[in-house]
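Here's the structure, in structure tokens; my notes come after.
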């Protein structure tokens, strides 16, 4: 049916339908842009984290610190690469891709920590600057954790939500390993007592 043969009501309904589709497309485009901006922030957070961990690793006064912090830098690098892959898929208008991202949930970091403690024992000496670096690192992990948690709660795609929730768990493990290392460096003998006798009750 040609437009000239349509009633005013039919034309009005078609116009309303077109406006609705335009509004949906604009909302979809706005959501894609918001998601891309969030990915850019995440990429920068991972780049900054990697740089911090590499510097802290070089400046660490002990082998455990060097290995642990270098491993964290490597994990930040993996996260950055995943975010960049996702960003490119979105830029190519493919939507949020399926991600084959299965981190080890801190097992490798805990292994490094456990093996080093066996060698170093309770006689480790540490510098205040290393403790300060660990406080900064824990703060960074908390900030990243909070950011990824908020992104998972506002995710558009189920795969996006799943990816951010996986990262939330990973960042939590990073924080806990750093906290354990911090407490060990701060008071090695007390740390050993706490691990051997976790509760006096």
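For residue 181, the requirement of being closer than 23 Å to residue 52 by Cα, at pLDDT 95 or above and either in contact with a helix residue (DSSP H, G or I) (Cβ under 9 Å, 6 or more places away or on another chain) or not in a helix (DSSP H, G or I) (or both) is not met. Among the conditions (1) closer than 30 Å to residue 31 by Cα; (2) surrounded by 19 or more Cβ atoms within 10 Å (Cβ to Cβ); (3) modelled with pLDDT under 90, the only one that residue 103 does not satisfy is (2).
A single entry from 129, 156, 136, 166 fulfils the requirement of being surrounded by fewer than 19 Cβ atoms within 10 Å (Cβ to Cβ), touching a residue at least 40 places away in the same chain (Cβ under 8 Å) and not in a helix (DSSP H, G or I): 156. Among (1) under 30 Å from residue 165 (Cβ atoms); (2) modelled with pLDDT under 75; (3) exposed (fewer than 15 other Cβ atoms within 10 Å of the Cβ), there is one condition residue 112 misses while meeting the rest; what is its number? So the condition that residue 112 fails would be (3).
Taken together, the residues in the stretch 92-112 that are assigned to a loop (DSSP other than H, G, I, E, B) and either under 18 Å from the mean Cα position of the chain (by Cα) or within 21 Å of residue 69 (Cα to Cα) (or both) amount to 11.
Among the conditions (1) free of Cβ contacts under 8 Å to residues at least 40 places away in the same chain; (2) more than 17 Å from residue 178 (Cβ to Cβ); (3) surrounded by 17 or more Cβ atoms within 10 Å (Cβ to Cβ), residue 87 misses just one, which is (1).
The values are calculated or read from the model by the stated rules, or taken from the named source; none is laboratory data. Note that the structure is a prediction, hence the values are computed from the model and not measured. Cβ sites come from the backbone with ideal geometry, for glycine too, and all protein chains shown count toward neighbours.
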